[in-house]
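Take a look at the structure set out below.
What follows draws every value from the coordinates through simple rules; no lab data is involved. The structure presented is a predicted model; accordingly, all values stated were derived computationally and were not measured. Virtual Cβ from ideal backbone geometry, glycine too; neighbours counted across all protein chains shown.
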Amino acid sequence: MDRRTLLRQLMGVCDALTLAAAFAATFWVCAHLFSRHFRSSADYAWLLWVIVPTWIVALRSFGLYESPSYGSRRGVVARLVKAQAFAALMLLSTMYLTRSTIVSRLLLQTFVGMSFVVLTIQKMAVRTTLDWLQHRSGTHVTKVLLICSASRADAYSRVLKERASWHGELVGFLTPEVINGSELKLCNPKALCLGSAMDLPQVLLKHVVDEVVVVQPFGRAETELIAALCAERGLRLRIMVELPKSEIGSYRAYDLGRGLYLLSLEEIIPQQALQLAFKRALDVAGALVGIALCIPVYLWYRRTLSRETAASPLFAQTRVGRNGRRFTLYKLRTMYKDAEQRLRDLVDRNQMRGHMFKMKDDPRITPTGKQLRERHIDELPQFWNVLKGDMSLVGTRPPTPVEVEHYDPYHHRRLSIKPGITGLWQLAGNGEVNDFDEIVKLDCEYIDNWSLWLDLKILARTVVKVAAGGGW
């Protein structure tokens, strides 16, 4: 078991115990501060089977199981606030949707506040402990020997400082090439140069070393010799590979077996699998609610829309989804039947610059369609697209195939995630952003900073915007 896994497991155990303590303290607070007496906490112990997994998933999703997240107190508190808000929302929503009357709302709300206080104290203690480990020296600290250049030795020193849970202390480094005395003086004084890689056997005899780290690029033959020497002595060998920097996406490693590893540059940020699973769960829950709202609206407006548009009240159009996948998007029909044919006569009145068309007071929109667009009611059928998995509640605007044909290469990045019913551009407001490149910029900003917390904020702002009306 590596230190990272051990840290996560210890964090999980500590969080479970902390939440249990907060749960027990909640009953004392309710009794002494609110004069509300509930049955003993043992009668509500089953709630911990809901609370503990929910909170642990939230804390891990927001980075509180990684030692670099404890660099500053403000950063710890900021992450904890987001995790607490998400977990509390999940707990209270679960109790509301299941119409649970067994548990008092006061009890749950008090627990949310109490758990935040207790977890804050615990996380500050964790930060203090990690800070102590970082500055600790002695026989129990892992002694690390690097084989790399002086500049990279300094960079790895910073890595050890950021990851206090590694308990690492740099013994020194060996350069890949043979060096002379004058070059020794150029080495970083914080990282002592002990010679060249050829001196490794002698260095291991003179110094206490627990771990050897080779920083690539380095020859395969030399690396195999170092690996054999470390294996012979029972030392841990790590190989750090320096990859080209990318402002977009992040690297992940996959073990293919038999000594083969696949390094992958991926668009979406780490912790992807777990957070995307929650995003999909949120999409399904939201889609079910949206479809429940759509059915009565459709039944109410279908005859009026059919009469005004002389066509089916449900409008279907091919759109482009994630990485070029095509799907059929559904909306309530708000334009006359010949809207597509009339578009060519309105191109000169387009209020957007770039590869999409949008126009205020579009003559192709029916009177009822204008009313539906003001509150974005015409988009309710898109919840079916969300339920199918073609779209998400939050994402980028789904373009038509004709629009995509005119895209510049960098425009295609907005197609790297599922399109959504709402997003940053939709929140900007009609007419506020009328340049397609600005829309792409907003979409890329969403992709680069994506998180469940961001999705929840966008959804909340969307509800307020829809209630205010003003769509067109």
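One table, with the values for the structure above:
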read-out: Within region 272-468, percent of DSSP bridges classed antiparallel, to nearest 5; value: 65
read-out: Entries in 279/360; 279/441; 337/360; 360/465; 82/143; 123/465 that, when Cα-Cα distance is taken, lie over 25 Å; value: 279/360; 82/143; 123/465
read-out: Likely footprinting exposure, 82, 245, fewest C-beta neighbours within 10 Å first; value: 245, 82
read-out: 5 Å-binned pair-distance histogram of region 322-420 (Cα, whole percent); value: 2, 11, 19, 21, 22, 18, 7, 1
read-out: Cβ-placed point charges (K, R +1; D, E -1), dipole of region 272-468 about Cα centre in debye, nearest 20; value: 620
read-out: Ascending count of other beta-carbon atoms within 10 Å, so fewest first, for 226, 439; value: 226, 439
read-out: Mean-position separation - Cα centroids, region 292-352 and region 223-244, in angstrom; value: 61
read-out: Cα point-scatterer Debye curve for region 272-468, base-10 log of I(q)/I(0) at q = 0.09, 0.14, 0.19 Å⁻¹; value: -0.33, -0.84, -1.62
read-out: Ellipsoid semi-axes in whole angstrom, largest first, where each is sqrt(5λ) of the Cα gyration tensor of region 271-347; value: 31, 20, 8
read-out: Sequence-separation-based contact order of region 272-468, relative, with Cα cut under 8 Å and 6+ spacing, percent; value: 24
